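Inspection log for the structure reproduced underneath, given as structure tokens.
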Amino acid sequence: MAVSEQATEKVAAHGNRKVGIVVSAKMAKTIVVEVKRKVAHPLYRRVVTRKSKFYAHDEKSAAQVGDQVSIVECRPISKLKRWRLAEVIWQPQRADAVAAGSAKSKGSAT
């Protein structure tokens, strides 16, 4: 069993890993992640920002728009999805969560 566990860990360690921002989470179990990278312009050597969008599989629908996430390359899941969500790195503070938190604090104070 130890050999198979090591094999699965080894497979999980392989593959390309990217970090980006979720720009869409409207599809079922799918998120669109925008990854930005800085590269030198081939002629002018000025640093420019390049953006790419990746469709990633989000089984538990854990990520929302604006979250910073890590995605890892995997087998093709559909026509466009070749990535899966590895983890949600950072979530911005949302207005609905702030309102719910302030309502709870007001209720507990009285």
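Using 0.36 nm per residue, how much length does the chain from residue 36 to residue 90 gain when fully extended, once their Cα-Cα distance is taken away?
Additional length available on full extension: 17.8 nm.
Using Cβ counts within 10 Å as a stand-in for footprinting exposure, how do 80, 85 rank, fewest first? Could the numbers behind the result be given before it?
Details: 80 13, 85 23.
Listing 80, 85 from fewest to most nearby Cβ atoms yields 80, 85.
Using a 10 Å cut-off around each Cβ, can you sort 52, 70 from fewest to most neighbouring Cβ atoms? Intermediate results must be reported in sequence, preceding the final value.
Details: 52 11, 70 15.
Ranked by crowding around the Cβ, least crowded first: 52, 70.
Sorting check: for 57-65, 33-41, which peptide has the highest mean count of neighbouring beta carbons within 10 Å, and how do the rest follow?
57-65, 33-41
Along Cα→Cβ, 7 Å out, is where each label goes; now give me the distance between the ones at residue 17 and residue 75 in nm to one decimal.
Label-label distance for residue 17 and residue 75, simple model: 2.2 nm.
Any read-out appearing in this document is the output of simple, stated calculations on the displayed coordinates, not a laboratory observation. This one's a predicted model, so the numbers in the text were calculated from it and none came from an experiment. Here Cβ is always computed from backbone atoms with ideal geometry, including for glycine, and neighbour counts include all displayed protein chains.
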